[in-house]
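Derivation of every value follows stated rules applied to the coordinates shown; laboratory data play no part. Quantities reported herein were computed from a predicted structural model and do not represent experimental measurements. Don't worry about glycine lacking a Cβ; one is built from the backbone with ideal geometry, like all the others, and counts go over all protein chains shown.
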Ligand code: GDP
Ligand code: MG
């Protein structure tokens, strides 16, 4: 079986856009709002000749316990099933309580984590990515899922731990 990479993060940070970038097809649904139900969230991908499975998360309707609980629960399931995790944060927003909630789950899992600092669409935004060192997850990789900026270097880092 090929290794599994879970893409986790709070809604709207660009997880599905990044999944589409990684698989080179527009199959993951990109939404301005969270809460779209999707039955298929696993996709075949290759990078540098290596095959792996990408699992998108966040396509479920938030439950009665609220959005933060829902994000945490989804992340927990995805991380349990994954060999490594790509944690996506919106660098233009910075660290939120929901990001912190996901970080606690990632730490508990002991799985390797690569940190994608998304929406760094141009060099001027790169400084904002460096603030994400404060998450304590190591180096933030500045990327733009929309433009493809930086995603190759980040994927090299992912494959190194997958
Ligand atoms: P998800 O909820 O984390 O899956 O986020 P989506 O992939 O659905 O994207 C949420 C919104 O962020 C959409 O409007 C995307 O077009 C936008 N978005 C995603 N990646 C980027 C990026 O790299 N730069 C910018 N400027 N917007 C992005
Ligand atoms: Mg999504």
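Worth pointing out:
- Highest GNM mean-square fluctuation among 22, 95, 143, for the chain modelled with Cα contacts below 10 Å: 95.
- Between segment 83-151 and segment 7-26, the Cα center-to-center distance that results, in Å: 13 Å
- Added length on full extension, which subtracts the Cα-Cα distance from 0.36 nm per residue, residue 77 to residue 51: 7.2 nm
- Approximate spin-label separation residue 97-residue 126, in nm, with each point projected 7 Å along Cα-to-Cβ: 3.5 nm
- Per residue, the average separation of C-alpha pairs within less than 8 Å and at least 6 apart gives the chain a relative contact order of 25 percent.
- If R0 is taken as 25 Å, the Cβ-Cβ distance between residue 161 and residue 104 corresponds to a FRET efficiency of 0.80.
- All alpha carbon pair distances within the chain were sorted into 10 Å bins beginning at 0; the resulting P(r) in whole percents reads 11, 45, 38, 6, 0.
- Separation in nanometres of the label points that stand 7 Å from Cα toward Cβ, at residue 134 and residue 29: 3.4 nm
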